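Bear in mind these aren't lab numbers, they're just calculated from the coordinates by the rules spelled out. Keep in mind the model is a prediction, meaning the values are calculated, not measured. For neighbour counting, all protein chains shown are included, and Cβ atoms are generated from backbone atoms with ideal geometry for every residue, glycine included.
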Amino acid sequence: MRAYRSTELKRTSRGDFTRNLGFDAQGKVPKFCLGDSKTEAAKRLKAILALWDELQLRPTVLFGNKPAWDTERLAAAQAIAKGNPAKVNAGAYEGSVLYFERINRFRETTGIEVIPDEFKYRLGADDNRKIIEQATRSFETATGQTLHQALQAYSTHVGHEYRSPDGQITDNAKTKQGQIKSITSYVPDLDLAKLNFQGCDEIFGVFRRRPASIRYGTPMTRKTCSNLIGELGRFFLWLHKAEAWQWRYPEDFKLIKRTPRELDEDVERESAPVPTWTIAELKTLYEYANPLERIFMLLGLNCAYGADQAGRLRLDHVKFTGKPDGRSMIRRVRRKKKTLSIHCLWKPTEQGLRWAIERRPAAKSDHLMLTDRGTPYWRVTKGGNRSQDIPNLWSRLLNRVKKDHAEFRRLPFNSLRDTSGNFIRRIAGGETASVHLAHKHQTRDENLNRYTNPTRRRHFKALIKLERKLATVFESIENPFPSEQAKVQKEGGTNITLGQIRRIRSLAKQGFKKAKIAELVGVSSSTVWRYCRKPK
């Protein structure tokens, strides 16, 4: 039902275009001023008509027995008429599980935006089951094999297929099995006979629609949904080829849409600046860090290493120079991107690595950084998960800093990699930053690396400039790697913060007695005596 004139738009005496359309709960006919451009007015009117048509499908306000404009949708239509972005609260349509698909199509054709944060994401397992069963009402005789059984068999297959030479399951396989487990928790268990084209489309649709995260209750991130859809596609390919399972690709399977919908917060998140450390913050971290933590800090800043790259560093990757004025280097291949990564080392980085190698415990592993038990910082635990030693080490450092500086930011260890790349980009440009980060492609030309070599000399010059830029960070500690420390893993033997140590020494210089200092700082008298002794 359309309550409007279908005549051609005509310019009024004021020079603009208007149209009366529909009526509200009191029976009044709203008037929409569509602007002074006929082309734009026709476009706006088309969007308002689409909104009016959607209102007929599920009205919330009636005039007599006829659907009428409600306050929210009338405001959206008025915004469209003025050329402003309009938002329709999808929360009013929660009663229909299939309305979500209609409102998405409506958004694509009219440009009207659904408010994501006000939509109650309640399409859980029960709602997904209703949608899928509605789409697969006609199906062949049941096979007796279910979707969840097939997913479990695929997970077992992944565990056998992806193993390292020593027999351990790889990181990639662990990730895949986690994704399969997530898929199983979000999709209903159906007989494989139900997975015709419509059934498969709705299985993919569960993640296209961005379901509520079981853990957080908010819409699943677009990246996560994209990864789960990708793994779901690989699962169906495996299922198609597996003779033991009675399922084959339905007709037009490749036409199923696999792109998750985009929300406003996705655009805002992707456009937000990358969080990086300032020089002042790096100086504070370097001062509070123990020698082991300083080595990992230097690897993050000098070589743009995240926890994975720093933990995987091996003895033969480091090439120390024998010349007093020469530069040592780290030369290795980044396995993930299959690219050669070469970084000339700063003097503090070289000093720290030499110091760590001298105190390295005897072990069969050739990893450079080892724990006091002789195990690498990067390793697979008994449960098959990646070790969290480096993130935990970084977390302890931040905890010490925040005791004295409550407002200090808490960024992850890999933010050092972002900070390093950001500095190099400012110094030498994007191409050199890509070389520094060991990316597979340094420019938009993906074939360039097949015919040319990266600009290493420019990269090394940029690293030397960055070392000078961060000189105040390294100079803040007179002896960052003390020779009297016997072990790399030693935390320093104190439970008090650097701020407390400085206050003890400051009060001692002012002439306060040891007992009074202990009372003011909140530590024992023996601690005060220890930090008031003159260094040898």
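A few notes on this one:
- Close amide H partners of Thr321, meaning residues 5 or more places away or on another chain with modelled amide H under 5 Å apart, are Ser328, Met329.
- Theoretical FRET efficiency, 1/(1+(r/R0)^6), r = Cβ-Cβ of Thr146 and Leu411, R0 35 Å, to 0.05: 0.20
- Mean Cα-pair separation over length for the chain, i.e. relative contact order, pairs under 8 Å, 6 or more apart, %: 9 percent
- Net charge in the neighbourhood of Tyr154 (other residues with Cβ under 13 Å of its Cβ; Lys, Arg +1, Asp, Glu -1) is +2.
- The stretch 447-519 and the stretch 255-273: distance between their alpha carbon centers, rounded to Å: 40 Å
- Against the chain, whose longest principal axis is taken from its Cα atoms, helix 456-469 shows a tilt of about 70°.
- For Thr18, nonlocal amide neighbours, meaning residues 5 or more places apart or on other chains whose placed amide H falls under 5 Å from its own, are Lys10, Thr12, Leu34.
- The chain, helix-only ellipticity at 222 nm - DSSP H runs n ≥ 4, -39,500 (n - 2.57), divided by all residues, nearest 500: -14500 deg cm²/dmol
- Under 13 Å, Cβ to Cβ, from Asp316 - net charge with Lys/Arg +1 and Asp/Glu -1: +4
- Most to least packed among 146-154, 264-272 [average Cβ atoms within 10 Å]: 146-154, 264-272
- Counting every other Cβ atom within 10 Å of each residue's Cβ, Leu353, Leu45, Leu416 order from fewest to most as Leu45, Leu353, Leu416.
- The stretch 373-480: C-alpha gyration tensor shape, a/c 1.5 cut-off, then a/b vs b/c: oblate
- Applied to the stretch 38-51, the Karplus parametrisation 6.51 cos²θ - 1.76 cosθ + 1.60 on θ = phi - 60° returns per-residue 3J(HN,Hα) values of 5, 4, 5, 4, 5, 5, 5, 5, 4, 5, 5, 5, 5, 5 Hz, with x for Gly and Pro.
- Neighbour-count order for Val380, Val187, fewest beta carbons within 10 angstrom listed first: Val380, Val187
- Working note: Karplus 6.51/-1.76/1.60 with θ = phi - 60° gives the stretch 192-199 the couplings 4, 5, 6, 8, 7, 4, 5, x Hz, where Gly and Pro are set to x.
- With K and R counted +1 and D and E -1, the other residues having a Cβ less than 12 Å from that of Lys465 yield a net charge of +4.
- Helix axis angle, 147-161 relative to the chain longest principal axis, alpha carbon, degrees: 30 degrees
- Inter-part distance where the stretch 18-45 and the stretch 326-354 are each reduced to a Cα centre, Å: 66 Å
- Relative to the longest principal axis of the Cα atoms of the chain, helix 347-358 runs at roughly 70 degrees.
- Subtracting the Cα-Cα distance of Lys440 and Lys382 from their residue separation scaled by 0.36 nm leaves 17.6 nm.
- Prolate/oblate/rounded call for the chain, Cα gyration tensor, a/c under 1.5 rounded: prolate
- Taking packing as the residue-averaged number of other Cβ atoms within 10 angstrom, the listed peptides 196-208, 330-342 run from highest to lowest as 196-208, 330-342.
- Taking label points 7 Å from Cα along the Cα-to-Cβ direction, Lys31 and Leu520 give a separation of 7.8 nm.
- Packing-based order for 383-391, 68-76, using average beta carbon neighbours within 10 Å, highest first: 68-76, 383-391
- Exposure proxy order (Cβ contacts within 10 Å, fewest to most) of Ile464, Ile496, Ile424: Ile464, Ile496, Ile424
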